[in-house]
Amino acid sequence: MDRNEPKIEVASLRKSFGTHVVLRDINLKVEPGSVVALIGPSGSGKSTLLRCLNLLVIPEGGRVRIGTDSFSFGQTSRLPRVKEQARFRSNTGMVFQHFNLFPHMTVLQNVMEGPVSVKRMPKGEAADIARKLLAKVGLSDKMDAFPNRLSGGQKQRVAIARALAMEPEVMLFDEATSALDPELVAEVLGVMRDLAAEGMTMIIVTHEIAFAREVADRVVFMRDGVIVEEGPARDVIDNPTQDATRAFLSHFH
Ligand code: ADP
Ligand code: MG
C-alpha cells in the first residue's frame with residue numbers, strides 16, 4: 001500500500017432499512033494516524049456508518065477499504081463470505097456505548113479471549129499482551145476482578161483493551177462515553193487521547209465537542225444520512241459554514 005494513501009476509504013456508500021434511506025452517498029477518507037470525529041443529531045446515520053466499516057451492517061452500494069482490505073457492495077458484487085467478513089472485521093476494533101464484557105470472565109480473561117479464541121494464540125502469550133494493555137489503560141490492579149466489580153469507566157477501559165488485543169488497524173468508537181456518569185468520562189477520554197497520540201487511526205462518534213475539537217484532526221458533520229460539512233476540527237467547530245452544523249453545535253454552548 002502507498003504510504004500516503006488514506007487508511008480508511010469509503011466511497012459512494014449507501015444503506016437503507018426498508019424504504020428508509022439511512023446512508024445516501026457517503027464518501028470519507030481517513031489518513032493514517034489521524035482522528036476523525038463524526039458528529040450529528042440522533043438518527044443521522046453515524047452508528048450505521050461505523051457498523052458498515054466492520055460489516056455489522058452490509059451496505060447496499062459503494063465501497064469500503066481499510067488498509068489493503070476492501071469490499072465493494074452492489075447488485076453486481078456478491079456479498080462477502082462469512083470467512084471474508086470475519087477477516088475484514090478483524091481490521092477494526094470497535095468500542096460501543098455499552099461495554100458488553102463477558103460477565104463470567106475476569107478482566108484479564110476478557111482481554112485474552114479474542115486472541116485465544118479467534119487467533120488461536122497460546123494462552124501465555126495472550127495473557128502477556130493482555131497485561132500490557134491493561135497497564136496501558138490503567139487497570140493493572142483490576143486484572144483478576146470480574147466486570148460487575150468495576151465502574152462504568154473501568155469497564156469501558158477494559159473494552160478498549162479488549163479491542164486493542166486483536167491488533168486492529170483502526171479503532172472505531174461509537175459514543176463510548178455516553179452511558180457513563182459524568183465524573184467517569186474523563187478517564188475514558190484520556191485513554192482515547194493517548195491512543196490518538198500514539199498514532200492510532202480512529203473514527204470517534206461523540207457528543208463531547210470540546211474533546212473532538214482538541215483531539216480530532218478532522219470533524220465530519222452528518223445529518224439525514226449525508227455528510228453536510230467536514231474539515232479541520234477547529235474550523236468546523238469554531239466556524240461552521242453550514243446552517244445545519246451551526247444549529248447542531250449551538251446545543252453544546
Ligand atoms: P445515529 O447513530 O446517528 O443516531 P443510526 O445510524 O443509529 O443513527 O440510525 C440512523 C437511522 O437508521 C435511524 O432512523 C434508525 O432508526 C435507523 N436504523 C438503524 N438501524 C436500523 C435497523 N437495524 N433497522 C431499521 N432501522 C434502523
Ligand atoms: Mg448512534
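Restricting the first residue to the stretch 39-52 and requiring it to be over 18 Å from ALA212 (Cα atoms), which pairs with a second residue that is within 6 Å of ligand 1 (Cβ to nearest atom) and of a type outside the set (Gly, Ala, Ser) meet a Cβ separation below 6 Å and a spacing of at least six or different chains? Note: pairs meeting the criteria are GLY45/VAL22; THR48/VAL22.
The conditions are (1) closer than 20 Å to GLU167 by Cβ; (2) modelled with pLDDT under 95; (3) more than 20 Å from the chain's Cα centre (by Cα), and VAL82 fails exactly one of them. Which is it? For VAL82, the exception is condition (1). Screening GLU167 with (1) within 16 Å of ligand 1 (Cβ to nearest atom); (2) without any contact (Cβ under 8 Å) to a residue 12 or more places away in the chain gives one miss only, at (1).
To keep it simple, each residue is scored yes or no on (1) within 16 Å of ligand 2 (Cβ to nearest atom); (2) at pLDDT 95 or above; (3) assigned to a helix (DSSP H, G or I).
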residue: ARG193; (1), (2), (3): no, yes, yes
residue: ALA196; (1), (2), (3): no, yes, yes
residue: ILE203; (1), (2), (3): yes, yes, no
residue: ALA212; (1), (2), (3): yes, yes, yes
residue: VAL219; (1), (2), (3): no, yes, no
residue: MET222; (1), (2), (3): yes, yes, no
residue: ILE227; (1), (2), (3): yes, yes, no
residue: GLY231; (1), (2), (3): no, yes, no
residue: ARG234; (1), (2), (3): no, yes, yes
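VAL35 fulfils the conditions (1) within 14 Å of ligand 1 (Cβ to nearest atom); (2) of a type outside the set (S, T, N, Q); (3) touching a residue at least 40 places away in the same chain (Cβ under 8 Å) except for a single criterion, (1). Scanning the stretch 111-135 for residues that are part of a helix (DSSP H, G or I) and out of contact with any Leu (no Cβ under 8 Å at 6 or more places or on another chain) yields a count of 14. When the test is whether a residue is within 14 Å of ligand 2 (Cβ to nearest atom), assigned to a strand (DSSP E or B), under 13 Å from ILE203 (Cβ atoms) and touching a residue at least 12 places away in the same chain (Cβ under 8 Å), LEU23 does not pass it. Here the stretch 154-180 is the region considered, the condition is being within 12 Å of ligand 2 (Cβ to nearest atom) and not hydrophobic (A, V, I, L, M, F, W, C), and the residue that is surrounded by the fewest Cβ atoms within 10 Å (Cβ to Cβ) is SER178. Only residues that are more than 21 Å from LYS7 (Cα to Cα) and in contact (Cβ under 8 Å) with a residue 60 or more places away in the chain were counted across the stretch 197-210, and they come to 2. In the stretch 45-61, the qualifying residues are those that are touching a Gly at 6+ places or on another chain (Cβ under 7 Å) and surrounded by 19 or more Cβ atoms within 10 Å (Cβ to Cβ), and the one that is farthest from PHE96 (Cα to Cα) is GLY45.
The values are calculated or read from the model by the stated rules, or taken from the named source; none is laboratory data. This structure is a prediction, so every number in the text was calculated from the model and none was measured. Note that each Cβ is placed from the backbone with ideal geometry, even for glycine, and that neighbours are counted across all protein chains shown.
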